[in-house]
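What follows is a short report on a single structure.
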Amino acid sequence: MLYQATGAFPRTHLAFRPMLCNHCEDPACVKHCPTHAMHKDAETGLVLVDQDRCIACGYCTWTCPYGAPSMDDVHHIMSKCTFCKDRISEGQKLFCAEACPANARVFGDLNDPESELSKLLQQKKGVQYLPEMGTNPSVYYV
């Protein structure tokens, strides 16, 4: 989680940005994985880890500008957010979106201009984090 103080005394605020996998269009972690364990799912476009192929070398973590992949110390493999692939394939919400008491997380189809997500991003001027890294992240912040 990235924290940043904003405002001026006595009206200061603490803004934060959760650091998660951005399921990039051109993910650095996939490019640099020597075993191709880190890959993009052809059907959904999600960036996933084939844990049977993972050798836990850490290249994905070193190259990811978001620091998303992390070592599972118990199984000695890399793991990361899957955007709850199994849940979304069944039409359910992501666990993080369902559990968020402020409804601050919205998931949807970026390619559908009529989706709730697309309308929200347009209305609130959503921005990508670190777009200069050239990965074209799929996560936007408002």
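Once fully extended, how much extra length lies between Asp41 and Tyr129, figured as 0.36 nm per residue of separation less the alpha-carbon to alpha-carbon distance? Present the calculation step by step, with values, prior to reporting the outcome.
Values: separation 88, 0.36 × 88 = 31.68 nm, distance 2.21 nm.
So the extension gain works out to 29.5 nm.
Taking K and R as +1 and D and E as -1, what net charge do the other residues with C-beta under 13 Å from the C-beta of Cys64 add up to?
Overall, the nearby charge balance is +1.
Give me the net charge of Gln92's neighbourhood, meaning all other residues with Cβ under 12 Å from the Cβ of Gln92; Lys, Arg count +1, Asp, Glu -1. Don't jump to the answer; show the numbers that get you there.
Values: positive: Lys85, Arg87, Lys93; negative: Asp86, Glu90, Glu98.
Charge balance in the 12 Å sphere: 0.
So what does log10 I(q)/I(0) come out to for the range 1-107 at q = 0.11, 0.17, 0.21 Å⁻¹, using the Debye formula with one equal point on every Cα and no solvent?
The calculated log intensity ratios at q = 0.11, 0.17, 0.21 Å⁻¹ are -0.43, -0.88, -1.15.
Under a plain spin-label model, where a point goes 7 Å from the Cα along Cα-to-Cβ, how far apart in nm are Arg17 and Tyr141?
Roughly 0.3 nm, to one decimal.
Take the solvent-accessible surface of the protein heavy atoms, probe 1.4 Å, and return the percent of it on the chain that carbon and sulfur atoms account for.
On the way: 5030 of 9550 Å².
Within the chain, the accessible surface is 53 percent carbon and sulfur.
Trypsin sites (Lys or Arg not before Pro) within the range 72-142: which are DSSP loop residues with at most 11 other Cβ atoms inside 10 Å? Numbers along the way, then the final one.
Details: sites: Lys80, Lys85, Arg87, Lys93, Arg105, Lys119, Lys124, Lys125; in loops: Lys80, Lys93, Arg105, Lys125.
Qualifying residues, ordered by number: Lys125.
For a test of understanding, tell me how many lysine pairs in the chain have Cα atoms under 24 Å apart, given they are 8 or more places apart or on different chains.
Value for the chain: 12.
Rounded, prolate or oblate: which fits the range 56-142 when a ≥ b ≥ c are the square roots of the eigenvalues of the alpha-carbon gyration tensor, with rounded for a/c under 1.5 and prolate only if a/b beats b/c? Don't skip to the answer; put the middle values down first.
Details: a/c = 2.34, a/b = 1.43, b/c = 1.63.
The shape class here is oblate.
Name the longest site-free stretch of the chain, where the excluded sites are GluC sites (Glu not before Pro) in a DSSP loop with no more than 16 other beta-carbon atoms within 10 Å.
Numbers: sites that count: Glu25, Glu43, Glu90, Glu114.
That gives 44-89 as the longest site-free run.
The values are calculated or read from the model by the stated rules, or taken from the named source; none is laboratory data. These numbers were taken from a predicted model, which means no experiment stands behind them. Glycine gets a Cβ as well: all are built from the backbone with ideal geometry, and neighbour counts include every protein chain shown. The accessibility values were calculated without ligands, DNA or RNA, using every heavy atom of the protein model including side chains. Shrake-Rupley method; radii C 1.70, N 1.55, O 1.52, S 1.80 Å.
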